[in-house]
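Heads up, the thing below is written out as structure tokens.
The values are calculated or read from the model by the stated rules, or taken from the named source; none is laboratory data. Predicted model, so just to flag it, every value in this text is computed and none were measured. Neighbour counts run over all protein chains shown; Cβ positions are idealised from the backbone, glycine included. Just so you know, the surface numbers come from the protein's heavy atoms only, side chains and all, with ligands and any DNA or RNA stripped out. Shrake-Rupley method; radii C 1.70, N 1.55, O 1.52, S 1.80 Å.
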Amino acid sequence: MKIYNTLTRKKEEFIPIEKEKIRMYVCGPTVYNYIHIGNARPLVVFDTVRRYFEYKGYQVNYVSNFTDVDDKIIARANEEGIDPTQLSERYIKEFQKDTKGLNVKPATVHPRATLEIDGMIEMITELIEKKHAYEKNGTVYFRTRSFPQYGKLSKKKIDELEAGSRIAVNDEKEDPLDFVLWKPKKEGEPFWNSPWGEGRPGWHIECSVMSRKYLGDEIDIHAGGEDLIFPHHENEIAQTESCTEKEFARYWMHNAFINVDHKKMSKSEGNFFTVREIEESYPYSVLRFFLLSVHYRSPINFSKESMEASKNGLTRIQTAIEQLEYFKQIKEKNQMQNIKLTDQEKVLVQEIEEWNQKFDMAMEDDFNTADAITAIFELVRLANTNLSANSSLEMLQITSFKLLSLCDILGLEVLKKKESLEQEVERLIATRQEARKAKDFAKADEIRKTLADMGILLEDTREGVKWKRI
RNA sequence: GGCGUCUUAGCCAAGUGGUAAGGCAUGGGACUGCAACUCCCUGAGCGACGGUUCAAAUCCGCCAGACGCCUCCA
């Protein structure tokens with residue numbers, strides 16, 4: 001398996017530290033609002049990475065944090081006149097609702113910054129002891145120049161960084177590049193006691209601490225959005241490696257951004273969408289499918305057109321699977337009839353195997369989900385063109401199982417839950433069938449229209465009338 | 001200014017040296033009472049120019065355009 005490693009800017013063969021276990025940390029959201037579609041991308045992408053590892057038989061220890069103390073949270077809480085904890089609590093709940101909808105598996109551990117303050121104080125203390133950090137008037141800074149490899153992830157030269165004029169002048173710091181580990185409390189802000197007085201942690205330290213606590217000094221994969229490369233991940237490396245003197249993470253994975261109408265999504269541009277807003281127009285599964293239709297390291301452009309295309313494509317996959325399930329039901333009722341594969345079907349099974357291999361190869365190549373999806377569509381075509389209620393039960397089972405498992409690796413929910421029709425609806429369908437039999441098509445169409453208005457779409461197939469909710 | 005990325009059919013998107021996957025949309029056809037679903041058919045020489053090579057979308061150079069990071073940000 002090959003993974004593109006931001007650290008080396010190359011695709012590298014993936015070799016886990018432990019043979020069958022993977023330690024993976026993904027930087028989580030700051031919980032001050034509903035998650036937006038940009039947040040959804042790393043959630044879906046790295047969940048898919050995890051699912052693929054699990055499919056390959058690895059046990060994945062997946063840690064993702066909640067940043068629940070930060071300027072934005074405090075500002076927002078003050079606006080609403082509530083406690084920051086209440087605010088973050090609320091949006092963690094909303095996060096869970098959205099991620100569940102997106103079929104993102106819960107992390108093995110979901111640590112919260114505010115519950116890990118002790119660990120942060122400990123690590124900051126360790127950094128001070130090792131002369132990698134210093135305190136000034138209640139603020140603790142990381143001594144950036146004490147970590148000679150600073151810049152190795154973002155490929156920035158430490159001297160060029162300093163030459164950049166964007167770093168604000170601060171007389172307290174020994175060096176303009178030094179960044180905050182702990183800051184003193186301000187009026188109206190949450191605070192914790194520390195050896196340096198009351199205050200709260202800087203942003204970067206939390207991930208270093210939580211990753212180390214739950215996954216150990218060295219981990220396999222550290223992931224997040226590409227904007228985190230600098231300074232967040234660069235600083236994490238500096239903090240952690242200064243303490244442990246070991247390599248923090250072997251592979252650094254970063255997803256590219258999502259654009260809206262080819263522009264960076266931002267509130268000021270007015271092209272900002274939360275996942276919740278999108279969910280009003282498209283099921284979560286369509287958003288997930290859309291996000292996986294482009295390689296994770298390429299920018300993806302969100303638009304109505306692309307969502308429509310994703311919706312239609314996903315529907316086609318769903319229709320094929322529903323059809324297979326329907327055929328299987330018929331076969332299971334007639335248990336005596338052609339159970340075993342025919343010779344012709346054996347050829348098809350081989351073809352399915354080949355597409356499965358193509359799927360795997362695409363995923364092995366740095367998780368090329370866009371390419372992997374191709375294999376799913378080929379299986380859909382194979383099923384639609386070759387299979388029917390006359391196929392052998394084994395053939396139907398193999399095809400259905402294969403399609404479902406490939407979709408499951410991508411976290412695509414394609415099998416809808418069984419629904420029962422209200423009696424009134426059933427009666428209308430029966431009446432319509434009678435009308436059709438009597439060639440009273442006007443009446444039949446009228447009933448179909450009535451049901452359509454109720455959100456029930458009828459399809460007259462060879463196997464009888466089918467319906468689905470729209 | 002520094003670092004980096006991208007440019008493939010109407011739209012989306014794989015493909016990184018041997019002569020362009022797939023999806024969506026469009027048009028035509030089959031099926032259908034009509035639809036829907038499904039199936040078949042339908043389209044590009046890969047931003048421009050120059051170079052390397054027997055051979056380039058794929059390597060090199062240059063130009064144009066789009067974009068990201070360098071500052072809170074997924």
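In segment A:400-407, the condition of being crowded, with 21+ Cβ neighbours inside 10 Å, more than 28 Å from A:LYS331 (Cβ to Cβ) and touching a Leu at 6+ places or on another chain (Cβ under 6 Å) is met by no residue.
For segment A:216-237, a residue qualifies if it is open to solvent by less than 20 Å² (accessible area, probe 1.4 Å), assigned to a helix (DSSP H, G or I) and within 14 Å of RNA strand B (Cβ to nearest atom), and the qualifying residues are A:HIS232, A:HIS233, A:GLU234, A:ASN235, A:GLU236.
Looking only at residues in segment A:238-264 that are more than 20 Å from A:VAL26 (Cβ to Cβ) and hydrophobic (A, V, I, L, M, F, W, C), which one is surrounded by the most Cβ atoms within 10 Å (Cβ to Cβ)? Looking at residues that are more than 20 Å from A:VAL26 (Cβ to Cβ) and hydrophobic (A, V, I, L, M, F, W, C), I get A:CYS243. Looking across A:PHE377, A:PHE367, one residue alone is under 28 Å from A:LEU287 (Cβ atoms), assigned to a loop (DSSP other than H, G, I, E, B) and in contact (Cβ under 8 Å) with a residue 60 or more places away in the chain. It is A:PHE367. Taking the conditions exactly as written (away from RNA strand B (no atom under 16 Å from the Cβ), of a type in the set (Gly, Ala, Ser) and either modelled with pLDDT under 95 or in a helix (DSSP H, G or I) (or both)), does A:SER242 satisfy them or not? It is true that A:SER242 is away from RNA strand B (no atom under 16 Å from the Cβ), of a type in the set (Gly, Ala, Ser) and either modelled with pLDDT under 95 or in a helix (DSSP H, G or I) (or both).
Residues are listed down the side, and each one gets a yes or a no for (1) in a helix (DSSP H, G or I); (2) within 30 Å of A:TYR282 (Cα to Cα):
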residue: A:VAL63; (1), (2): no, yes
residue: A:ALA75; (1), (2): yes, no
residue: A:SER88; (1), (2): yes, yes
residue: A:LYS105; (1), (2): no, yes
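Residue pairs whose Cβ atoms lie under 6 Å apart, separated by 6 or more positions or on different chains, with the first residue in segment A:336-356 and within 17 Å of A:VAL380 (Cα to Cα) and the second open to solvent by less than 100 Å² (accessible area, probe 1.4 Å) and of a type in the set (A, V, I, L, M), are A:GLU345/A:MET395; A:VAL349/A:ILE398; A:TRP355/A:ALA375; A:TRP355/A:LEU379.
Scanning segment A:308-335 for residues that are surrounded by 19 or more Cβ atoms within 10 Å (Cβ to Cβ) and without any contact (Cβ under 8 Å) to a residue 40 or more places away in the chain yields a single hit, A:SER310.
Among residues that are in contact (Cβ under 8 Å) with a residue 12 or more places away in the chain and not in a strand (DSSP E or B), A:SER266 is not included. Do the conditions hold for A:SER208, that is, is it under 30 Å from A:LYS19 (Cβ atoms), of a type in the set (Ser, Thr, Tyr) and either out of contact with any strand residue (DSSP E or B) (no Cβ under 6 Å at 6 or more places or on another chain) or assigned to a helix (DSSP H, G or I) (or both)? Yes, satisfied.
Taken over segment A:43-74, residues that are open to solvent by 50 Å² or more (accessible area, probe 1.4 Å) and within 16 Å of RNA strand B (Cβ to nearest atom) amount to 2. Criterion applied to A:GLY81, A:GLY101, A:GLY151 was being surrounded by 15 or more Cβ atoms within 10 Å (Cβ to Cβ) and at positive phi, and the one residue passing it is A:GLY151.
For A:MET24, the conditions (1) closer than 17 Å to A:THR108 by Cβ; (2) assigned to a loop (DSSP other than H, G, I, E, B) are fulfilled apart from (2). Within segment A:3-42, restricting attention to residues that are within 17 Å of A:SER211 (Cα to Cα) and within 16 Å of RNA strand B (Cβ to nearest atom), the residue that is surrounded by the most Cβ atoms within 10 Å (Cβ to Cβ) is A:TYR25.
Looking only at segment A:308-324, filter to residues that are among the hydrophobic types (A, V, I, L, M, F, W, C) and more than 8 Å from RNA strand B (Cβ to nearest atom); which one of those is nearest to A:TYR282 (Cα to Cα)? The qualifying residue nearest to A:TYR282 (Cα to Cα) is A:LEU314. Among the residues of segment A:246-280, those that are among the polar types (S, T, N, Q) and over 30 Å from A:GLY151 (Cβ atoms) comprise A:SER268, A:ASN271, A:THR274. For segment A:289-307, state whether one or more residues are farther than 18 Å from A:PHE257 by Cβ, more than 9 Å from RNA strand B (Cβ to nearest atom) and surrounded by fewer than 17 Cβ atoms within 10 Å (Cβ to Cβ). Scanning segment A:289-307, I find at least one residue that is farther than 18 Å from A:PHE257 by Cβ, more than 9 Å from RNA strand B (Cβ to nearest atom) and surrounded by fewer than 17 Cβ atoms within 10 Å (Cβ to Cβ), so the answer is yes. Being over 22 Å from the mean Cα position of the chain (by Cα), surrounded by fewer than 17 Cβ atoms within 10 Å (Cβ to Cβ), aliphatic (A, V, I, L, M) and within 16 Å of A:LYS402 (Cα to Cα) holds for only one residue in A:VAL347, A:VAL380, and it is A:VAL347. For segment A:431-470, a tally of residues being β-branched (Val, Ile, Thr) and either out of contact with any helix residue (DSSP H, G or I) (no Cβ under 9 Å at 6 or more places or on another chain) or at pLDDT below 85 (or both) returns 4.
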